[in-house]
Every structure is written in structure tokens, then in C-alpha cells.
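To keep things clear, I will list the structure first and then write my remarks on it.
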Amino acid sequence: MSIVLQAPSYVRAISPYIPGKPITELARQMGLPVEKIVKLASNENPLGMSPLARKAVEGALAGVERYPDQFDLIAALAERHGVALEQVVLGNGSNDVLDLAARVFLAPGRSAVFSKHAFAVYPLATMSAGAECIAAAAKNYGHDPAAMLAAIRPDTHMVWIANPNNPTGNFLPQAEVRAFIEKIPAHIAVVLDEAYTEYLAPADRADTVAWIRDFPNLLVVRTFSKIYGLAGLRVGYGVGRAEVIDLLNRVRQPFNVNNLALAGAIAALDDHAFLAASYESNRRGMEQIIAGLKRLGLSHIPSHGNFVTFEVADTAGVNGRLLKQGVIVRPIGGYGMPNHLRVTVGLETENARFLEALETSL
Ligand SMILES: *Cc1c(COP(=O)(O)O)cnc(C)c1O
């Protein structure tokens, strides 16, 4: 009998994550020079990394022979959020934190609820823990709290919430998120994944970390991969009650965040000029892309992130023609959205290249 069949059926049932196509891969496939390729497929920061973070990372190169010490980044985050050190857990990207939460609260015989078209890592983490996925019906592609509450079963131990959601960009007003969490039974862990929270308009923001005082079952998860521009360094974090963080730390690998990532993240946290420039660049680029999509007669889902998802008649054909012109966007058929493509907001020139290429690809 094949060794493959010895893996638990829930592992064999997992569909592998499909990442955005790397620039180097498209360059090889199409014989295009790397400089000619525009990648708008993975919600990365088009301004690159914060200059302060770059300096800190370079400085941390002296010291990579030592195992990392997470203390300084945990202390900086605890201060930022007004919580105790024991309430912060670091991850190798926030995906690592999502996986830790699943391993702590899920197991075979248990289930987790998320919204249809929600982030792909929720089913991955749920299935890796041997638990069952329950995808609740969406409302205009976004989270529908009533449908998610109705989907909860006696064996449900986790509810995943992405706000704003990826790949749809939908945003649920903070008051509705809070009212939703209030209705989730207290024995169910709630993971509130806020990878794009820094891109929210000031009026839409809320101190969701403060909600932990009222909800002992809440874990708020953030990342340095998006507005902070450190996707390749892999660092994210979760904030929750000390007793919840203690459980996550038990299954966490001791040195899950490396020295360079720790140094870069600490510096990035305080690079206010870079954060403001990234926010502004995204706001303008979003307007540029939406105006372009409208000009082409394409409908899109209003987005609160650094990306926008739009509808085309023939996604495979359009995507193929974009790739031939060196423009990488993200097909999201794997999210149950076969008629949509997702584009990340890039620099003005990149957005223009995308829109020009799209016009000839429809
Ligand atoms: C990009 C993203 C993340 C961040 O992943 P990292 O592992 O921190 O790079 C988390 N959640 C959602 C919904 C995302 O889109």
C-alpha cells in the first residue's frame, strides 16, 4: 500500500494553496526581462519596505549566528496596544498565528465556521488540524453575520473573521463585527484577522484589541506583510487574553520569527512617514484603478484593502493575455469566484500598465 495512503484522510483532502505567480517564473515562461513584468497579484506594498526597517535589518545581519530573542518586538507591540507582554504572540507571518490558533482550538470531530469567499488559509488551517470546514453563505461576497451564526453547530470551536476580507475587499462596519462577536457563544474561539486594517479610512477604524477585555475568546491578528512592506521577512502577531496566548505559545516553535524579521518589524512600527506615504499611495492608486475599470465597463466589488476584485466574462482568457504582456494579477476561482480577477494596487505607472494591458485583453 502506498505511503501516501497512510496520511490521515483530512490531510489528503487539503487543496494546496496557490500563490501569486512569482515575477521570475513568468520571466522564464514568457522569455520576458524581469524589469518588464508588473506583479499585482499578492497585495504587497508597491513602495517596497520602510527605509528605517531596511537599516535595522542591515544592522541585524551582525548577530545572525545567535538564536533570536522576541522580547523587544513583543514589548513594542504590547506598548502600542496597551496590553501586557503575555498577551502578544508572534508568528512567522500572521498565517503562522492562524495555524497556531487552529492547532490549539480545533481537532478531529470539531468544526470551524468562516464566510464563503473568505481567506484561503482558514480552510487550510482548519483541515490541517483535522477539523471540518463550514463555509457560510456570503452577502454581496462579504461576511453575513446572521448566516455565520446560523452555521454554528454544537461541535463548532472556531469562527474565522477577515475584516477587511481578502480576496473580496469587503468591510463589515466595526459596530457590526462587535455585535456579531457578542452573539458567538463564549466557548468558541473567535479569530479576527485584520491584515488590511491600516488601509481603512480613519472613520472606519476601531480599537478592536480593546475588545479582548470584553471577549476572553477573541484573538486579534495583524501582519507586517501588507502596509509595513515586509511580506518576504514573514512576521505577524496575535493579541488575546494571556491564557489564550499561553496556549498558542505551547504549540509555537520556539524560534519561529528570525532575527532580521524582528529587527525590521520593530523599526517599521515607528516609520510613520512610510506608513502615511503607503496609505496615500494606495488611496490614489485605488481611485486610478477603479476609474479605469469603470471606463472599461467592468464591475468591481468596493474594496477597503490594497487590492480590488473585478468581474470579467472570460477570466482564463483575460488572465492569459495579461500574462503574455507581463502583467500578473490573481485568478480567484479557488475562492469560489470563477468570474473575478483580483488586482493589487500598485504604483501609478504599474496601475496604468495594468489598465492598458487589460483594455487589449478583454
Ligand atoms: C495577506 C493576508 C494575511 C497575511 O499573511 P502573512 O502570513 O502575515 O503574510 C493574513 N490574512 C489575510 C486575510 C491576508 O490577506
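Of all residues in segment 4-53, those satisfying the criterion of being of a type in the set (A, V, I, L, M, F, W, C), touching a residue at least 40 places away in the same chain (Cβ under 8 Å) and either open to solvent by less than 50 Å² (accessible area, probe 1.4 Å) or assigned to a helix (DSSP H, G or I) (or both) are VAL11, ILE14, ILE23, LEU26, MET30, LEU32, ILE37, VAL38, LEU40, ALA41, LEU52, ALA53. Looking at ALA138, ALA150, ALA129, ALA175, just one residue is among the aliphatic types (A, V, I, L, M), open to solvent by 10 Å² or more (accessible area, probe 1.4 Å), more than 12 Å from the ligand (Cβ to nearest atom) and more than 29 Å from HIS300 (Cα to Cα), and that residue is ALA129.
Exactly one residue out of PRO167, PRO123 is assigned to a loop (DSSP other than H, G, I, E, B) and either at negative phi or not assigned by TED's automatic domain parsing to the domain that holds GLU243 (or both): that is PRO167. Here LEU248 qualifies as touching a Gly at 6+ places or on another chain (Cβ under 8 Å), assigned to a helix (DSSP H, G or I), within 16 Å of the ligand (Cβ to nearest atom) and assigned by TED's automatic domain parsing to the domain that holds ALA175. Only one of the numbered conditions (1) within 23 Å of ASN249 (Cβ to Cβ); (2) crowded, with 18+ Cβ neighbours inside 10 Å; (3) among the aromatic types (Phe, Trp, Tyr) is not met by PHE71, and that is (2).
Which residue, of LEU200, LEU230, LEU192, is within 11 Å of the ligand (Cβ to nearest atom), open to solvent by less than 10 Å² (accessible area, probe 1.4 Å), more than 23 Å from ASP155 (Cα to Cα) and not assigned by TED's automatic domain parsing to the domain that holds PRO302? Full working, then the answer.
Details: LEU200 fails: within 11 Å of the ligand (Cβ to nearest atom); LEU192 fails: more than 23 Å from ASP155 (Cα to Cα).
None of the other options fit; the residue is LEU230.
Residues in segment 327-355 that are over 18 Å from the mean Cα position of the chain (by Cα), under 18 Å from VAL34 (Cα atoms) and buried (at least 21 other Cβ atoms within 10 Å of the Cβ): 4 in all.
Does GLY320 count as part of a helix (DSSP H, G or I), in the same structural domain as VAL38 (by TED's automatic domain parsing) and either closer than 18 Å to ILE23 by Cα or open to solvent by 30 Å² or more (accessible area, probe 1.4 Å) (or both)? In short, yes.
The values are calculated or read from the model by the stated rules, or taken from the named source; none is laboratory data. Predicted, not measured: the structure shown is a model, and the values here were computed from it. FYI the Cβ positions are ideal-geometry reconstructions off the backbone, even for glycines, and counts take in every protein chain you see. For the accessible areas, the whole protein counts, side chains as well, though only heavy atoms, and no ligand, DNA or RNA atoms are used. Shrake-Rupley method; radii C 1.70, N 1.55, O 1.52, S 1.80 Å.
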